[in-house]
Amino acid sequence: MVRDRISRLESERVADVLRDDIMLGRREPGSRLVERDIAAELHVSRLPVREAIRMLVADGIVVAKPRTWAVVREFSVQDLQDFAEVRTAIETLAFVLATERIDENGLALLESIVDEEETAAASNDVETSRTASAKFHFTAVQLSGNAMLVELAESMITRLRWLFGQYDELSETAGAHREILTAMHARDVDAIGRIIPTHLIDGQLAAERRLRAREGAAD
């Protein structure tokens, strides 16, 4: 029982390391995840590495290929567009519901996240700014008060960070989040219904440009 718990904790730690490596571009799309190499690198046995890779397959950012290595998933522009359609529907509804239902504690929480993002953007702290940006979106979903929306968002959060979280326009994104928060403070549901789709489309188009640039660099 204790060994199982330790193994599970090791698997989660390995999954966190690999996930961050993928999110931050240290492991490129199409690169192989070799169990023995990762085990040696992280000083663990191959079993927690194998379990960690299964977690990342479930996250949708790793592809397991029978009788060969697992690889970091390569997304296409069509994948991104399909995902963006679903994301826009879910997040627009979530932000509308959050605007209707949020209390002062919730607003203060979002305020602290945007403050952190703006500070990081101003100092060009890319990782902190991107992390705060993702947290702003997911926290708003949680504040919607709809458990189904939260469950759907949780199932997509890793792919969302991977596909849309590689941007360099830190100040522009933080500014968009400040605009969203201002509308939420005003309980302006109509404004939220306009702002969120526009904000997400901007993110989608920027992600498409980055993906096409990567594809061009690989040719």
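Quick look at the values:
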{"item": "Among residues of region 120-149, those that are closer than 20 Å to Arg161 by Cα and over 19 Å from the mean Cα position of the chain (by Cα), counted", "result": "1"}
{"item": "Pairs with Cβ under 6 Å, 6+ apart, first in region 64-76 and free of Cβ contacts under 8 Å to residues at least 60 places away in the same chain, second basic (Lys, Arg) and surrounded by 15 or more Cβ atoms within 10 Å (Cβ to Cβ)", "result": "Val72/Arg27"}
{"item": "Test: residue in region 167-176 that is under 16 Å from the mean Cα position of the chain (by Cα) and open to solvent by 80 Å² or more (accessible area, probe 1.4 Å)", "result": "yes"}
{"item": "Members of region 87-110 that are among the hydrophobic types (A, V, I, L, M, F, W, C) and either open to solvent by 70 Å² or more (accessible area, probe 1.4 Å) or in contact with a strand residue (DSSP E or B) (Cβ under 9 Å, 6 or more places away or on another chain) (or both)", "result": "Leu93, Leu109"}
{"item": "Count of region 117-154 residues which are open to solvent by 50 Å² or more (accessible area, probe 1.4 Å), farther than 19 Å from Gly203 by Cβ and not in a loop (DSSP other than H, G, I, E, B)", "result": "7"}
{"item": "Filter result (more than 17 Å from Ile22 (Cα to Cα) and either open to solvent by less than 60 Å² (accessible area, probe 1.4 Å) or not in a helix (DSSP H, G or I) (or both)) within region 52-83", "result": "Lys65, Pro66, Arg67, Thr68, Val77, Asp79, Gln81, Phe83"}
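The values are calculated or read from the model by the stated rules, or taken from the named source; none is laboratory data. Bear in mind the structure is a predicted one, so any value in this text is a computation, not a measurement. Quick reminder, even Gly has a Cβ in these numbers, built from the backbone with ideal geometry, and neighbours come from all protein chains shown. What goes into the accessible areas is simple: the full protein's heavy atoms, side chains included, and nothing from ligands, DNA or RNA. Shrake-Rupley method; radii C 1.70, N 1.55, O 1.52, S 1.80 Å.
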